[in-house]
Amino acid sequence: MTDRQRNTLVVGCIIFGILALGSVGTGIIATALGQTGNTARTRTVRFNRTEKAASQQQSSNEIQTKVFEEKERIEKKIQEYENIHLPNWYKLVEALEASDITDSYKYAETAKKQTKEILDDIPDVEWGNTGDKEFDIQCGQLRNKMLEAYTAKYESIVKLIIFIENPDSPEKMTEAIVAVEESADIWEDFIDEVSEVIY
């Protein structure tokens, strides 16, 4: 069990304990205020309130656990995608900096293929379904932002390949630069969204 999981479990148990104690106290106060002489009814009220609070807390803890697990799943998927394409992307950057057209083209073609594979996989990614409505909405928005980021990255790679094939074209160079800059901005927005959702 990681420190993060242990901390979540401890906080959940503490919250459960506080709510359970509060519910018992509410039952006792209701008994004191409504002395009807019917001890069975008093015990039932106390038990029902305690049971209801415990059930709500259990449900809340289950949702918190699902949210935590979903955040880990999201982080793992994003890391998987990064592991697929980033090493080659860095090689592409190095080849471009060295003005090595042959390697630049090779790495750009590989980047295009890898990014396309990721784009084909994204529609199958399902995040959310934790029971926490706000978090589940954020998961859907994050998935859409990821699709947008990888689409922009793919389009920038296509424009870069066109420029590499036509290195003497100022128009193709400008299109590639604009596409890469736009992709970088969209990617930064995606990373910000990731930070908001899973950290």
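The values are calculated or read from the model by the stated rules, or taken from the named source; none is laboratory data. Since the model is a prediction, treat every value here as computed from it, not as a measurement. Cβ sites come from the backbone with ideal geometry, for glycine too, and all protein chains shown count toward neighbours. These accessible areas exclude ligands, DNA and RNA; they are computed on the full protein's heavy atoms, side chains included. Shrake-Rupley method; radii C 1.70, N 1.55, O 1.52, S 1.80 Å.
Some observations on this one:
- Set Lys77/Lys153; Lys91/Lys145; Lys106/Lys172; Lys112/Lys172; Lys71/Lys91 screened for pairs whose C-alpha atoms are more than 21 Å apart: Lys91/Lys145; Lys71/Lys91
- Alpha-carbon centroids, region 59-77 and region 80-151: separation in whole Å: 23 Å
- At an R0 of 35 angstrom, the distance between the Cβ atoms of Gln141 and Ile101 translates into a FRET efficiency of 0.30.
- In this rough spin-label picture, where each label sits 7 Å from Cα along the Cβ direction, the Leu119-Tyr90 distance is 2.5 nm.
- Most to least packed among 99-110, 165-176 [average Cβ atoms within 10 Å]: 99-110, 165-176
- Per-peptide average of other Cβ atoms within 10 Å, ordering 180-187, 122-129 highest first: 180-187, 122-129
- Region 54-199 - percent of accessible surface contributed by carbon and sulfur, probe 1.4 Å: 49 percent
- Average accessible surface for region 110-199: 56 Å² per residue, computed with a 1.4 Å probe over protein heavy atoms with every protein chain in place.
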